1. Can you pull out the helices (runs of 4 or more DSSP H) entirely within the stretch 84-175 that have at least 1 residues that are open to solvent by 10 Å² or more (accessible area, probe 1.4 Å) and more than 26 Å from Ser197 (Cβ to Cβ)?
2. Taking the residues in the stretch 205-229 that are open to solvent by 40 Å² or more (accessible area, probe 1.4 Å) and in a loop (DSSP other than H, G, I, E, B) as candidates, determine which candidate is farthest from Gln109 (Cα to Cα).
3. In this structure, does Leu74 turn out to be more than 12 Å from the ligand (Cβ to nearest atom) and free of Cβ contacts under 8 Å to residues at least 60 places away in the same chain?
4. Does the stretch 164-223 hold any residues that are within 21 Å of Asp82 (Cα to Cα) and of a type in the set (D, E, K, R), and which are they?
5. Pairs only if they're at least six apart or on different chains, beta carbon under 6 angstrom, first in the stretch 13-38 and touching a residue at least 24 places away in the same chain (Cβ under 8 Å) and within 13 Å of the ligand (Cβ to nearest atom), second of a type in the set (Phe, Trp, Tyr) and open to solvent by 40 Å² or more (accessible area, probe 1.4 Å); list them, first residue then second.
6. Quick one: is Ala188 surrounded by 19 or more Cβ atoms within 10 Å (Cβ to Cβ), assigned to a helix (DSSP H, G or I) and among the small types (Gly, Ala, Ser)?
7. If you go through the stretch 35-47, how many residues are touching a strand residue (DSSP E or B) at 6+ places or on another chain (Cβ under 9 Å) and either assigned to a helix (DSSP H, G or I) or buried (at least 18 other Cβ atoms within 10 Å of the Cβ) (or both)?
8. For the stretch 230-248, name all the residues that are among the small types (Gly, Ala, Ser) and either within 18 Å of the chain's Cα centre (by Cα) or loosely packed, with under 13 Cβ neighbours inside 10 Å (or both).
Amino acid sequence: MYKIVFMRHGESTWNLENRFTGWTDVDLTEKGRAEARMAGQVLKDAGFTFDLAYTSVLKRAVRTLWLTMDEMDLMWLPVKNDWRLNERHYGALQGLDKGETAAKYGDQQVLVWRRSYDTPPPALEAGDPRASFDDPRYAGLPKDAIPLTECLKDTVARVLPCWNEELAPAIRAGKKILISAHGNSLRALIKMLDGISDHDIVGLNIPNGQPLVYELDKDLKPIRHYYLGDPAAIAAAQAAVANQGKAK
Ligand SMILES: O=C(O)[C@@H](CO)OP(=O)(O)O
């Protein structure tokens, strides 16, 4: 049996401000840093250790990983930054207030943009300063791999090769891995792992900074999964994430 740990980053400045974030590279708040340290403490107390860590190229996930590793006295851990673990690109919604957007377009439309499997948010114009074409961290990518918006299906299409080429081989090689990523890139991974339907994935919300353990069989099929933190606090945090997209 294999065990891997997923973790969504701690609270970011735009989580606090309730803005659509996507590929915008915002940092953690003080609360987010505390959540990341707490995750390290919880993992340490539960007896976890790791050989290798994966994260995105966005600083909220990278810093969460650093703080978690620091708390576990694992700063030496090899880290692979993979853009394919980035948050789902939020297109032209990036930077907008979620509640105001819901007041303007309706809760249902915002739920579709936030959680549907195959309806992307409106795309950025190619010349929009929010587009990532000139960002050096994506310099090695073909231009058509850099999104202007993404639905979850598009995120699955980039996360799946990351799983097949990086994560799964590391797990099979016996490495204990920690993956610090984002709400929707983790939803994409979990949808794929658990075979969640396009319909049911709408209801899945991932809380900030809570280690999520997956136990996998020899074929890397999930046996069970569980959060390490307090179940009531996790359920409340998941409900809070779900409610972020509603008009006040
Ligand atoms: O804004 C975002 O990029 C994501 C994660 O914070 O938000 P949501 O939960 O609305 O998909």
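The values are calculated or read from the model by the stated rules, or taken from the named source; none is laboratory data. Remember, it's a predicted structure, so these values are computed and weren't measured experimentally. All Cβ positions, even for glycine, are placed from backbone atoms using ideal geometry, and neighbour counts span all protein chains on display. Note: areas computed on protein heavy atoms with side chains; ligands, DNA, RNA excluded. Shrake-Rupley method; radii C 1.70, N 1.55, O 1.52, S 1.80 Å.
1. Hits in the stretch 84-175: 98-105, 168-172.
2. Ranking the candidates gives Lys218 first.
3. Values: more than 12 Å from the ligand (Cβ to nearest atom): yes; free of Cβ contacts under 8 Å to residues at least 60 places away in the same chain: yes.
Yes; evaluated as a whole, the condition is true for this residue.
4. Across the stretch 164-223, the qualifying residues are Glu165, Glu166, Arg172, Lys175, Lys176, Arg187, Lys191.
5. Here the result reads Thr21/Trp14; Val26/Trp14, each pair linking the stretch 13-38 to a residue that is of a type in the set (Phe, Trp, Tyr) and open to solvent by 40 Å² or more (accessible area, probe 1.4 Å).
6. Spelling it out, Ala188 is indeed surrounded by 19 or more Cβ atoms within 10 Å (Cβ to Cβ), assigned to a helix (DSSP H, G or I) and among the small types (Gly, Ala, Ser).
7. 4
8. Those that are among the small types (Gly, Ala, Ser) and either within 18 Å of the chain's Cα centre (by Cα) or loosely packed, with under 13 Cβ neighbours inside 10 Å (or both): Ala232, Ala233, Ala235, Ala236, Ala237, Ala239, Ala240, Ala242, Gly245.
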